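K.L.:
First the structure, then my questions, so here it is.
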Amino acid sequence: MSVLTGKELRIVGFLCNWCSYGGADTAGVARATQPTDLRIIRVPCSGRVNPLFPLKALLSGADGVLVSGCHPRDCHYSAGNFYARRRLELLKEFLPIIGINPDRFEYTWVSASEGQRWQQVVTAFTDRIHKLGPAPRFKDAEPIYDLPGALTSLVRPLDCGGNPALDELKQQIRDALADGHLHCVVGWQQGYDPIHATPLHMRKPEDVDRLIWGPFNIHSTANMITQLIKEAQDAAMVGVKRGDPIPPAKKVGVVVKGCDSKGLVELLQEKLIDRNAVEIFAMGCNGTVSTDRILAKIGNTAARVSAVSGKGDTLTVTADGTEYTMSMNDIAQDKCRACKMPSAKVYDHFAGEPVTVAEDAVPEPAAIMAYLDSLTLDQRMGFWKGQMERCIRCHACRNACPMCVCREVCVADSREPHWVTQDDTVTNKFFFQLIHALHLAGRCTGCGECNRACPVGIPVGALKMQTGRIVQRLFDGYQPGTDADAIPPFLGYEVEEKNIPEHHIERA
Ligand code: FES
């Protein structure tokens, strides 16, 4: 096969040291003619290739990225390429949602003795990239600022009238606190006005009086659990001297809605928390509201809200002396409209009756995903560029995420490796979001906290929804946070993957 002629393009290759790098070497020793576009980065194993490597290359100007490792069952470290296969397939299917043609990324397997096959692979892939031409640059994309509307249908009736079992819940918490085995219990209390709730840390039975339950219990309590467990462990160590036995820490109590409990279950699945370290208080959720939508109904984001009351699906808000009546159907969060798990499945105490949703209820697809699906690749890139122009890098999306437990050592803040610089560019800001989305692949429970926390209204949750769709397809409908005994898909592998095809680049 002849060397491709014309202008070289930028193709980055991540090659496993033990097989594909050897295969490229074999091809070179045999003087097999190859295109010269490929810039090879040698890695110890294809399992070392974090999907962020190819993604960073593609966002930084590469026209194509090729990953090649040992054939399945031949990995020098026995299973590195099995793990890689799942992650790289995820990446390939993820690229279109951000406007990158998935044909610009490929992964394959070439052994050290397959010099000829390497020549075919690299030639076919280079040929493919030349046919596609230079990749569009994210920074040059035509920005799109449109946003789709909210969902309109509900999988169940929502209610803002409060829960009659609140007193029962409060008594359960008081009894547990009085028993002395809890460090604290986290729930919600009214914030600076009646439509804003804030976390409530109940340490004494009398603190429980401030607990609220209703449409303003918006924040995820799962978000706080790892820090509170650490706090309980630190408290247990107070006064302990070197050589003393380590005393057991008290449990941390947490009040949960269905979506919060999914976060806890996912943390249990990943062994980021110990089931014995938490005591879960649950109650059925009738839906939560978007405070932005309430303020939009009032028509004045600076309005002073003095009272709020709910009955059935009608919420009455008194702001600046005027009463506003609104329907839950108009002000509910989108995630609540589509929620099929309003009651926790894992708990120690349950107050009242569980709220259920019909098994066969079909949620309306997320409006943002339907909108993104309707765009071309170039338009999707422009959409994200338009959105990222508003990003102020406050990291609220990450800080609100129940699954982002390594905040102090987040790679997005790291200087080594230096994934994201301090440059105020759309590409940098977008890459931070991509790090977040890919770190949540197979883990995101869809709690929507990232969307809610964003102060400038960027629908960053769409990136996680895309990974969620891919994970569901690749792993037979897998849903994070629903089964405490399930192994998260990217922490495992199958030798024969049912839904991941072999990619035969050499026949391209
Ligand atoms: Fe080559 Fe693991 S050592 S893929």
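The values are calculated or read from the model by the stated rules, or taken from the named source; none is laboratory data. Keep in mind that this is a model prediction, so the values were computed, not measured. Neighbour counts run over all protein chains shown; Cβ positions are idealised from the backbone, glycine included. To get the accessible areas, we keep the full protein, side chains included, count just its heavy atoms, and leave off ligands, DNA and RNA. Shrake-Rupley method; radii C 1.70, N 1.55, O 1.52, S 1.80 Å.
K.L.:
Averaging over all projection directions, find the projected area of the Cα convex hull of the stretch 30-70 and quote it in nm² with one decimal place.
P.N.:
Working: hull surface 15.0 nm².
So the Cα hull casts an average projection of 3.7 nm².
K.L.:
Related question: Between Asn300 and Gln479, what is the spin-label point distance in nm, taking each point 7 Å from the Cα along the Cα→C-beta axis?
P.N.:
For Asn300 paired with Gln479, the spin-label model returns 4.2 nm.
K.L.:
Continuing with this model, one more query. Gain in length, Val409 to Asp244, computed as 0.36 nm per residue apart minus the alpha-carbon separation, to one decimal in nm?
P.N.:
On the way: separation 165, 0.36 × 165 = 59.40 nm, distance 3.03 nm.
Result: 56.4 nm gained on full extension.
K.L.:
Distance check, please: which entries in Lys262/Lys385; Lys92/Lys498; Lys257/Lys429; Lys7/Lys56; Lys311/Lys340 exceed 25 angstrom between their Cα atoms?
P.N.:
Working: Lys262/Lys385 31 Å; Lys92/Lys498 17 Å; Lys257/Lys429 32 Å; Lys7/Lys56 23 Å; Lys311/Lys340 23 Å.
The pairs that break the limit, which is 25 Å between Cα atoms, are Lys262/Lys385; Lys257/Lys429.
K.L.:
Assign one of three labels to the stretch 453-505, namely rounded, prolate or oblate, based on the Cα gyration tensor with a ≥ b ≥ c the square roots of its eigenvalues; rounded applies when a/c is under 1.5, prolate when it is not and a/b is larger than b/c, and oblate otherwise. Display every interim value, and only then the final one.
P.N.:
Values: a/c = 3.22, a/b = 1.57, b/c = 2.05.
Oblate.
K.L.:
Classify the stretch 268-386 as rounded, prolate or oblate, taking a ≥ b ≥ c as the square roots of the eigenvalues of its Cα gyration tensor: rounded when a/c is under 1.5, otherwise prolate if a/b is larger than b/c and oblate if not. Show your work: numbers first, answer last.
P.N.:
Details: a/c = 1.85, a/b = 1.07, b/c = 1.73.
Oblate is the answer for the stretch 268-386, as a/c is 1.5 or above yet b/c matches or exceeds a/b.
K.L.:
How tilted is helix 20-29 with respect to the longest principal axis of the chain? Cα atoms for both, answer in degrees (0 to 90, nearest 10).
P.N.:
With rounding to tens, the tilt is 10 degrees.
K.L.:
Can you pull out the trypsin sites (Lys or Arg not before Pro) in the stretch 89-135 that DSSP calls coil and that have at most 16 other Cβ atoms within 10 Å? Before the final figure, lay out the partial values.
P.N.:
Values: sites: Lys92, Arg104, Arg117, Arg128, Lys131; in loops: none.
Counting only loop positions with at most 16 other Cβ atoms within 10 Å, none of the trypsin sites (Lys or Arg not before Pro) in the stretch 89-135 qualifies.
K.L.:
List the extent of the Cα atoms of the chain along each of their three principal axes, largest first, rounded to whole Å.
P.N.:
Here the Cα extents, ordered largest to smallest, are 81, 62, 45 Å.
K.L.:
Another one. How many angstrom lie between the C-alpha centres of the stretch 234-285 and the stretch 445-508?
P.N.:
One Cα centre to the other: 26 Å.
K.L.:
Also, quick follow-up: On a 0 to 90 degree scale, rounded to 10, what angle separates helix 461-474 from the longest Cα axis of the chain?
P.N.:
It is inclined by approximately 70 degrees.
K.L.:
Continuing with the same structure: Heavy atoms only, probe 1.4 angstrom, no DNA, RNA or ligands counted: give me Val456, Val208, Val426 ranked by accessible area, highest first. Walk me through the numbers on the way to the answer.
P.N.:
Numbers: Val456 50, Val208 0, Val426 25 Å².
Sorted by accessible area, descending: Val456, Val426, Val208.
K.L.:
Report the extension gain between Ile40 and Glu364 in nm, rounded to one decimal, defined as 0.36 nm multiplied by the number of residues separating them, less their alpha carbon distance. Write down the numbers at each step before the final one.
P.N.:
Numbers: separation 324, 0.36 × 324 = 116.64 nm, distance 4.51 nm.
Once the chain is fully extended between Ile40 and Glu364, it gains 112.1 nm.
K.L.:
Taking R0 as 41 Å, what's the FRET efficiency between Thr356 and Tyr145 from their Cβ-Cβ distance, rounded to 0.05?
P.N.:
Efficiency for this residue pair is about 0.55.
K.L.:
Apply the Karplus curve 6.51 cos²θ - 1.76 cosθ + 1.60, θ = phi - 60°, to the phi angles in the stretch 477-491 and return the couplings in whole Hz, x for Gly and Pro.
P.N.:
Residue by residue, the stretch 477-491 yields x, 4, 10, x, x, 10, 9, 5, 9, 6, 8, x, x, 8, 9 Hz.
K.L.:
Between Gln379 and Ser327, how high is the FRET efficiency from 1/(1 + (r/R0)^6) when r is the Cβ-Cβ distance and R₀ = 30 Å? Nearest 0.05.
P.N.:
Details: r = 34 Å, r/R0 = 1.13.
Taking R0 as 30 Å, the efficiency between Gln379 and Ser327 is 0.35.
K.L.:
If you roll a 1.4 angstrom probe over the protein chains with everything in place, what fraction of the accessible area of the stretch 155-261 belongs to carbon and sulfur, to the nearest %?
P.N.:
Numbers: 2630 of 4860 Å².
So the carbon and sulfur contribution to the accessible surface is 54 percent.
K.L.:
For a quick protection proxy, order the peptides 321-330, 458-467, 274-283 by their average other-Cβ count within 10 Å, most packed first. Present the calculation step by step, with values, prior to reporting the outcome.
P.N.:
On the way: 321-330: 14.2, 458-467: 23.7, 274-283: 19.9.
Listed from highest to lowest mean packing, they are 458-467, 274-283, 321-330.
K.L.:
Could you calculate the FRET efficiency of Thr316 with Asp209 from 1/(1 + (r/R0)^6), where r is the beta carbon distance between them and R0 is 22 Å, rounded to 0.05?
P.N.:
Values: r = 24 Å, r/R0 = 1.09.
The value I calculate is 0.35.
K.L.:
Once amide H atoms are built 1.01 Å from N in the peptide plane, which residues 5 or more positions from Ala197, or in another chain, come under 5 Å H to H?
P.N.:
Gly191, Ile218
K.L.:
Mind running the shape call on the stretch 1-133? Use the C-alpha gyration tensor, a ≥ b ≥ c as the square roots of the eigenvalues: rounded below 1.5 for a/c, prolate if a/b tops b/c, oblate otherwise. All intermediate terms of the calculation are to be shown ahead of the outcome.
P.N.:
Working: a/c = 2.01, a/b = 1.01, b/c = 1.99.
Oblate shape, in that a/c is at least 1.5 and b/c is the bigger or equal ratio.
K.L.:
As I understand it, the value is the acute angle between the Cα axis of helix 225-237 and the longest principal axis of the Cα atoms of the chain; what does it come to in degrees, rounded to 10?
P.N.:
Approximately 70 degrees, to the nearest ten.
K.L.:
Can I ask one more? Compute the distance from the alpha-carbon center of the stretch 110-137 to that of the stretch 297-371, in whole Å.
P.N.:
Each part's Cα centre sits 52 Å from the other's.
K.L.:
Hey, can you find the accessible area per residue of the chain for me, probe 1.4 Å, expressed in square angstrom? Intermediate results must be reported in sequence, preceding the final value.
P.N.:
Values: 22600 Å² over 508 residues.
The answer is 44 Å² per residue.
K.L.:
Now, a different point. Please compute the contact order of the chain in relative form: average sequence separation of alpha-carbon pairs under 8 Å and at least six residues apart, divided by the residue count, as a percent.
P.N.:
Working: 942 pairs, mean separation 92.3, N = 508.
18 percent.
K.L.:
Of the accessible area of the stretch 262-405, with the probe set at 1.4 angstrom, what percent is carbon plus sulfur? It would help to have the intermediate numbers written out before the result.
P.N.:
On the way: 3100 of 6320 Å².
The value for the stretch 262-405 is 49 percent carbon and sulfur by accessible area.
K.L.:
Please list 3J(HN,Hα) in residue order for the stretch 301-313, calculated via the Karplus relation 6.51 cos²θ - 1.76 cosθ + 1.60 where θ = phi - 60°; whole Hz, with x for glycine and proline.
P.N.:
In residue order, the calculated couplings are 6, 9, 4, 9, 8, 10, 7, 8, 8, x, 8, x, 9 Hz.
K.L.:
Mind checking which lysines have their C-alpha under 16 Å from Lys250, skipping anything on the same chain fewer than 8 residues away?
P.N.:
Lys204, Lys230
K.L.:
In nm, what is the difference between 0.36 nm times the number of residues separating Asp103 and Ala235 and their Cα-Cα distance?
P.N.:
Values: separation 132, 0.36 × 132 = 47.52 nm, distance 5.36 nm.
Full-extension gain reported as 42.2 nm.
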